[in-house]
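A.B. asks: Take a look at this one; I'll ask things after.
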Amino acid sequence: MTAPAPGAAAPEARAIVDAVRRATGLERIRALHEPVFAGREWEYLKDCLETTLVSSVGPYVDRFEAMLAEITGTRRAVATVNGTAALHICLLLAGVRAGDEVLIPSFTFVATANAVAYCGAVPHLVEVEESRLGIDAMALRAYLEGAAEMSQGECRNRATGRRIRALMPMHTFGHPADLEALAALSADFGLVLIEDAAEALGTRLQGRHVGNTGLLSALSFNGNKIVTTGGGGAILTNDEDLGKRAKHITTTAKTPHPWAFRHDQIGFNYRMPNLNAALGCAQLERLPQFLACKRALARAYGEAFAGMPFLRFVEEPADARSNYWLNAIRLDGAHAALRDATLELAAAEGLAMRPAWTPMHKLPMYADCPRMGLSVTESLESRILNLPSGAALGHGP
Ligand SMILES: *Cc1c(COP(=O)(O)O)cnc(C)c1O
């Protein structure tokens, strides 16, 4: 296929590109999500170099973890090398073992499924809701009533005979999944609830920060997330004992001793270096400003896209205050072809726009995973466009 000449683009694609320019006030935008370093980043990084505490020991890690616990309202936050590692440890601590199945949305970033696979477990792919983009609790309940059987409090997949151990919703683009319904479902089917909150730092649902409903939750601080440590992640939990175990297992399971190398189980070298945590402390200090800028940008997009009957701007659910990490529009079904036409036009004119992820069931390594009907997932994939969303593009009140 050859791209149409820019002048030949559909008028609706032109209208979308123009709306992005109107909302941001910029002609060209290089990346979907660029970080902003306007706080004390230089100062804290310089401090790491001057004290030589750049690696696995240092005060910024403790400070970063304390700040995260405070912001999210959880009892314990454990910083890790990235969000994928945090998810991996969440699953292990939740008791996910080789041969188990874990329910995850097919509509997610690949890390969600990979973390399940690292445990030797099998992702069991489930459907999402059209408007909030998270796991559809009602559809999942109806599906499990047929596909699963309960015995002695354990949930099994009738078709595979495998134990379904956990349910891991993901808060898509920073919009929270319906945690209340998903927690009720988890209780009814004997599943451990774990939140992939990688995209949702700063997001509140019914007044409460996400990451508090699951037994364990994971955050990411990759370069494109709302707050970055270069690469990084964190495990959140309200269970004191699990918090201690998370710290222990991510720091090579070393038992404290002034000099001896004693390790009491197979641990992981997943701890976040002090250098990254220093960047993270400076970034977290600015989280309120980032959230305000992102809310302002979302409002500007909402206005710029109003009056376009062939699409909807993705807005926060009525019971939530989203962080608007990644802005998106959903084209209506009859206009799905506009997705690629718009991507081509935007790329030709130097404006960063992206499609949604390829759903997990369309990736070769997860194509044979058990799954429920995924028609909403497939439809959404064909109709979603992500918009430039860096905090610098929004102008706070
Ligand atoms: C970013 C992200 C992760 C973790 O990514 P890392 O790059 O490993 O920090 C996990 N799940 C989702 C949904 C994400 O968006």
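The values are calculated or read from the model by the stated rules, or taken from the named source; none is laboratory data. Predicted model, so just to flag it, every value in this text is computed and none were measured. Quick reminder, even Gly has a Cβ in these numbers, built from the backbone with ideal geometry, and neighbours come from all protein chains shown.
A.B. asks: For the stretch 165-202, which residues satisfy the criterion of being of a type in the set (S, T, N, Q) and either away from the ligand (no atom under 12 Å from the Cβ) or at pLDDT below 95 (or both)?
C.D. replies: 186
A.B. asks: Across the stretch 349-379, what is the total count of residues that are assigned to a helix (DSSP H, G or I) and buried (at least 21 other Cβ atoms within 10 Å of the Cβ)? Please lay out each step first, then the result.
C.D. replies: Step one: of the stretch 349-379, the residues assigned to a helix (DSSP H, G or I) are 360-362, 364-366, 375-379.
Next, only the ones that are buried (at least 21 other Cβ atoms within 10 Å of the Cβ) stay: 360, 366, 377.
So the answer is 3.
A.B. asks: Then there's this: Test residue 136 against the criterion of being more than 16 Å from the ligand (Cβ to nearest atom), at pLDDT 95 or above, crowded, with 22+ Cβ neighbours inside 10 Å and of a type outside the set (A, V, I, L, M), and give yes or no.
C.D. replies: yes
A.B. asks: Checking residue 32 against (1) surrounded by 19 or more Cβ atoms within 10 Å (Cβ to Cβ); (2) of a type outside the set (Phe, Trp, Tyr); (3) in contact with a Ser or Thr (Cβ under 7 Å, 6 or more places away or on another chain), which single condition isn't satisfied?
C.D. replies: Among (1) surrounded by 19 or more Cβ atoms within 10 Å (Cβ to Cβ); (2) of a type outside the set (Phe, Trp, Tyr); (3) in contact with a Ser or Thr (Cβ under 7 Å, 6 or more places away or on another chain), the lone unmet condition for residue 32 is (1).
A.B. asks: Read through the list (1) more than 16 Å from the ligand (Cβ to nearest atom); (2) surrounded by fewer than 19 Cβ atoms within 10 Å (Cβ to Cβ), then give the number of the only condition that residue 122 fails.
C.D. replies: Result: residue 122 fails condition (2) only.
A.B. asks: Any idea which of 240, 195 is acidic (Asp, Glu) and buried (at least 19 other Cβ atoms within 10 Å of the Cβ)?
C.D. replies: 195 is the lone residue from the list that is acidic (Asp, Glu) and buried (at least 19 other Cβ atoms within 10 Å of the Cβ).
A.B. asks: Considering only the stretch 53-72, state which residues are small (Gly, Ala, Ser) and under 19 Å from residue 286 (Cβ atoms).
C.D. replies: Hits for the stretch 53-72 are 66, 69.
A.B. asks: Can I ask one more? Does the stretch 327-348 contain at least one residue that is in a helix (DSSP H, G or I) and of a type in the set (Ser, Thr, Tyr)?
C.D. replies: Yes: the stretch 327-348 contains one or more residues that are in a helix (DSSP H, G or I) and of a type in the set (Ser, Thr, Tyr).
A.B. asks: Can you name the condition, by its number, that residue 145 falls short on among (1) free of Cβ contacts under 8 Å to residues at least 24 places away in the same chain; (2) surrounded by 24 or more Cβ atoms within 10 Å (Cβ to Cβ)?
C.D. replies: Only one criterion in (1) free of Cβ contacts under 8 Å to residues at least 24 places away in the same chain; (2) surrounded by 24 or more Cβ atoms within 10 Å (Cβ to Cβ) is unmet by residue 145, namely (2).
A.B. asks: Only one residue in 306, 296, 318, 282 is without any contact (Cβ under 8 Å) to a residue 40 or more places away in the chain, farther than 24 Å from residue 355 by Cβ and of a type in the set (A, V, I, L, M, F, W, C). Which one?
C.D. replies: 318
A.B. asks: Of the conditions (1) in contact (Cβ under 8 Å) with a residue 12 or more places away in the chain; (2) closer than 30 Å to residue 211 by Cβ, residue 263 satisfies every one except a single condition; which number is it?
C.D. replies: Failed condition: (1).
A.B. asks: Being away from the ligand (no atom under 15 Å from the Cβ), at pLDDT below 95 and surrounded by 15 or more Cβ atoms within 10 Å (Cβ to Cβ) is true for just one of 54, 61, 96. Which residue is that?
C.D. replies: 54
A.B. asks: Is there a residue in the stretch 154-166 that is in contact with an Asp or Glu (Cβ under 8 Å, 6 or more places away or on another chain), of a type in the set (A, V, I, L, M) and farther than 30 Å from residue 311 by Cα?
C.D. replies: Yes, the stretch 154-166 contains at least one residue that is in contact with an Asp or Glu (Cβ under 8 Å, 6 or more places away or on another chain), of a type in the set (A, V, I, L, M) and farther than 30 Å from residue 311 by Cα.
A.B. asks: Okay, moving on. Does at least one position in the stretch 202-209 carry a residue that is basic (Lys, Arg), in contact with a helix residue (DSSP H, G or I) (Cβ under 8 Å, 6 or more places away or on another chain) and surrounded by fewer than 24 Cβ atoms within 10 Å (Cβ to Cβ)?
C.D. replies: no
A.B. asks: When only residues in the stretch 342-377 that are in contact (Cβ under 8 Å) with a residue 12 or more places away in the chain and in contact with a His (Cβ under 9 Å, 6 or more places away or on another chain) count, which is farthest from residue 104 (Cα to Cα)?
C.D. replies: Out of the qualifying residues, it is 352.
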